1. Just want to confirm a number: the relative contact order over the chain, from Cα pairs under 8 angstrom separated by 6+ residues, in percent.
2. Do the sum for the chain: with -39,500 (n - 2.57) for every DSSP H run of n ≥ 4, divided by all residues, what is the mean residue ellipticity at 222 nm, to the nearest 500 deg cm²/dmol?
3. Report the percentage of all Cα-Cα pairs in the stretch 1-53 whose separation exceeds 17 Å, rounded to a whole percent.
4. Order the peptides 19-30, 48-59 from the highest to the lowest mean number of other Cβ atoms within 10 Å of their residues.
Amino acid sequence: IAESVGLDIQRAAQILASDEYAADVREQEQLWVSRGVSSVPTIVFNDQYAVSGGQPAEAFVGAIRQIINEAKN
């Protein structure tokens, strides 16, 4: 799969077999958990607003409208 999207296959295998990015991933995980993210998917707008779980398009439209209205005030 890595090769099919243009990645170096040997480097990809090295990364997958190691803990090279484990600390970075755990740090990001803790950041988002501390911000209240508890489900996947969660879409975050402007590092402030989130829409959690599988939602219909209307939920995203509503969130974006709310963000725009708050920015105007």
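1. About 14 percent, as a whole number.
2. After summing the helix terms and dividing by the residues of the chain, the value is -16000 deg cm²/dmol.
3. Working: 757 of 1378 pairs.
Roughly 55 percent, rounded to a whole number.
4. Peptide ranking by packing, descending: 48-59, 19-30.
No lab work stands behind these numbers, since they all come straight from the coordinates. Just so it is clear, the structure is predicted and the values come from calculations on it, not from any experiment. Don't worry about glycine lacking a Cβ; one is built from the backbone with ideal geometry, like all the others, and counts go over all protein chains shown.
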